[in-house]
Amino acid sequence: MTDLEIPYEKDRKGHYRFFEILPGAISYTMLLMPLLLSLIVIDIAGKPTPLSVPFILIYLLIYFVRTSVAGPIRTIAGYLTHKKHMRLDWAALLADVEIGKATDSNIERPKWHFENMARVKTFDKVYRPSDLMHAVVVATVNESREVLEPTIQAVLANSYDPKKMILVFAYEARAGEATEERVQELLSLYGHHFHHAMAVKHPANIPGEVIGKGGNVTCAGRELQKYLAEEQIDPANVVVTTLDADNRPDKQYFAAVSYLYCVAPDPLRASYQPIPMFTNNIWDAPTLMRVIAVSNNLFYFVLSQRPHLQRNFSAHAQSMQALIDMDFWSVRTIVEDGHHFWRSYFRFDGDYRVYPVFIPIYQDAVLADGYLRTMKAQFIQLRRWTYGASDVAYIADKAFWTKNKVPKWDAFGKLLRALEGHVTWATGTVLVFGAAFIPPLVQPQLYGALILPTMVSNFQRIGILFLLASVYVSLVTLPPRPARYRRHRSVLMLLQWALAPVTAIGYGATAAFYSQTRLMFGWYISKFDVTEKAVVMKSGETVTTAADPSRHKK
């Protein structure tokens, strides 16, 4: 398939509009179901009972098993795998892959490593670690030097040789001279450490592009393509990692991605997803933002244990040749990372997968200048993420209304999962914490309605016990407490979990309903709203980056 782009807003009609409306329509229906079904009375074991009671109990049982039982179990499993991978000597494993046998008997090698080396020998095309080159594309709008510089330093602090890395700053012309000067200063300071380094300015107001990261990194990707052609570097040997300005790869990240690339059956038909961990500034962020950030960390541990649900998110890696084949990222969506999975899936006729990388890329929790502005910035970030519901229409359109060779049952299953995920994002916690109170209000004279809240509270008590496993993982993955904070802040890291329902409903569900409602009415979000960033220095001083780049133009 070659037609990969999202239709222009004016061209979204018929079936496309139906599937844009569908997530919100289902979410609002689910929200109304406890009320509507409470008006219908049925007989259960000789007692008149609102139909909403079995509906709520069945829903809660499914949600309980998936979230309160399976969730913590997968969290622990993902964390343990992550911990094992962090201990591995990836450079030594790469050396084994290079020559096809173990090089040092004193190095820990998991069983799957020997299975991988044996499988590599059966490949028609073998990628050697020594042939690989990494390209790191750092996207920036108007983030301060205090945000950008630690990212470049983290890349250089990696165990991987920077002389086998290409650094690409992707910056926006609309951000003005201040951003250009900042990028050029960092380029002159750090560029010589890499095989090659360059800065690519993304022109403003390109027809057909929304204001967003997709157009920026695509512009940088095309310039990188020209450079590789000039230097006669095979794009199939280049692994591209896209980073936001605050994304700091763990020191083992590039070696681990290199390993996966070389042992994957078809590395050009895959992308490589590290675990995002929002811990760079976790001690500085306000309580509500810490809860959201840590919940996100746990979610991606869970996702690492469900390969069929793996999707691109934020920082991820992919073959340069694959990016060229699909003309890079979408320039018409504000959720270019998650959407990129579907773009790749349809470009390669379903022959595409995402491999989890259990090595993290550390990111910032939301922090702006002042509590109210931080709360606003957090909602802006989440409404951008939840706007991924726009992909439901894209999946349906490309799978069933565009000529392709994608397996229909596979595409249909993925469509249902995407739809269910966004509906649950909007309705799950609202129904869990609120639905049980509806039947007693509507039918207070019925015994089945009156005992429902008690039954639901028993579910919730058991769920709290399983939640303790997730709380444990959240605490052991925290970075050390900065000296500027006293010990009582560590206690708050535990007590903050009491606010989890507040953040899940007040931010997650609200943002999901906001995005789905806009899609229902065709009020499209056509601009990537940059999250305002504040950095707390070791001295306690706060350095702020305005969200609107026009505020920093000269």
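Can you tell me which residue is surrounded by the fewest Cβ atoms within 10 Å (Cβ to Cβ) among those in region 397-418 that are more than 24 Å from the chain's Cα centre (by Cα) and in a helix (DSSP H, G or I)?
W409
In region 87-106, what residues are surrounded by fewer than 19 Cβ atoms within 10 Å (Cβ to Cβ), charged (D, E, K, R) and in a helix (DSSP H, G or I)?
R87, E98
Mind checking whether some residue in region 186-196 is touching a residue at least 40 places away in the same chain (Cβ under 8 Å), touching a helix residue (DSSP H, G or I) at 6+ places or on another chain (Cβ under 8 Å) and of a type in the set (S, T, Y)?
The answer is no; no qualifying residue exists.
Can you tell me how many residues in region 29-58 are buried (at least 17 other Cβ atoms within 10 Å of the Cβ) and not aliphatic (A, V, I, L, M)?
Counting residues in region 29-58 that are buried (at least 17 other Cβ atoms within 10 Å of the Cβ) and not aliphatic (A, V, I, L, M) gives 6.
What's the number of the condition V210 fails, among (1) at pLDDT 95 or above; (2) β-branched (V, I, T); (3) touching a strand residue (DSSP E or B) at 6+ places or on another chain (Cβ under 8 Å)?
The failed condition is (1).
Any idea which residue in region 385-403 is nearest to F528 (Cα to Cα), counting only those that are at pLDDT 95 or above and of a type in the set (D, E, K, R)?
D391
State which residue is farthest from G428 (Cα to Cα) when the search covers only region 486-521 and only residues that are among the small types (G, A, S) and touching a helix residue (DSSP H, G or I) at 6+ places or on another chain (Cβ under 7 Å).
S515
Could you list, in sequence order, all residues of region 291-327 that are of a type in the set (F, W, Y) and surrounded by 24 or more Cβ atoms within 10 Å (Cβ to Cβ)?
Matches in region 291-327: F301 only.
Only one of A509, A469 is touching a Phe, Trp or Tyr at 6+ places or on another chain (Cβ under 9 Å), in a helix (DSSP H, G or I), closer than 30 Å to A77 by Cα and in contact (Cβ under 8 Å) with a residue 12 or more places away in the chain. Can you tell me which?
None of the other options fit; the residue is A509.
Which residues, counting only those in region 115-131, are under 10 Å from P265 (Cα atoms) and part of a helix (DSSP H, G or I)?
Hits for region 115-131 are N116, R119, V120.
Given (1) part of a helix (DSSP H, G or I); (2) of a type outside the set (D, E); (3) touching a helix residue (DSSP H, G or I) at 6+ places or on another chain (Cβ under 7 Å), identify the lone condition not met by L478.
The one condition L478 does not meet is (1).
Can you tell me which condition K538 does not meet? The list is (1) assigned to a helix (DSSP H, G or I); (2) modelled with pLDDT under 80, and all the others hold.
Condition not satisfied by K538: (1).
Go through region 114-141 residue by residue and tally those that are more than 21 Å from E223 (Cα to Cα) and under 22 Å from the mean Cα position of the chain (by Cα).
The number of residues fulfilling the criteria is 0.
Looking at region 177-198 only, could you name the residues that are of a type outside the set (A, V, I, L, M), crowded, with 16+ Cβ neighbours inside 10 Å and in a helix (DSSP H, G or I)?
T179, E180, R182, Y190, G191
Against the condition touching a residue at least 12 places away in the same chain (Cβ under 8 Å), out of contact with any helix residue (DSSP H, G or I) (no Cβ under 9 Å at 6 or more places or on another chain) and more than 25 Å from Q252 (Cα to Cα), how does D325 come out, does it pass?
It is false that D325 is touching a residue at least 12 places away in the same chain (Cβ under 8 Å), out of contact with any helix residue (DSSP H, G or I) (no Cβ under 9 Å at 6 or more places or on another chain) and more than 25 Å from Q252 (Cα to Cα).
Conditions (1) touching a His at 6+ places or on another chain (Cβ under 8 Å); (2) within 27 Å of L367 (Cβ to Cβ), marked per residue:
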site	(1), (2)
Y272	yes, no
F301	yes, yes
L309	no, no
F313	no, yes
D327	no, no
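Of the residues K10, K84, only one is part of a helix (DSSP H, G or I), in contact (Cβ under 8 Å) with a residue 24 or more places away in the chain, more than 21 Å from H422 (Cα to Cα) and among the basic types (K, R); which?
K84
Only one of these is under 22 Å from A435 (Cα atoms), out of contact with any Leu (no Cβ under 8 Å at 6 or more places or on another chain) and at pLDDT 95 or above: Y16, Y28. Name it.
After ruling out the rest, the residue left standing is Y28.
Between P267, P249, P276, which is modelled with pLDDT of 95 or more, under 15 Å from L132 (Cα atoms) and in contact with a strand residue (DSSP E or B) (Cβ under 8 Å, 6 or more places away or on another chain)?
Just one listed residue meets the conditions, P267.
So which of T454, T424, T429 is exposed (fewer than 13 other Cβ atoms within 10 Å of the Cβ) and assigned to a helix (DSSP H, G or I)?
After ruling out the rest, the residue left standing is T454.
State whether the residues of region 155-175 include one that is hydrophobic (A, V, I, L, M, F, W, C), under 30 Å from A264 (Cα atoms) and assigned to a helix (DSSP H, G or I).
The answer is yes, given that some residue of region 155-175 is hydrophobic (A, V, I, L, M, F, W, C), under 30 Å from A264 (Cα atoms) and assigned to a helix (DSSP H, G or I).
The values are calculated or read from the model by the stated rules, or taken from the named source; none is laboratory data. Here the structure is a predicted model, which is why all the values come from computation and not from measurement. Positions of Cβ are generated from backbone atoms using ideal geometry, with glycine treated the same way; all protein chains shown enter the neighbour counts.
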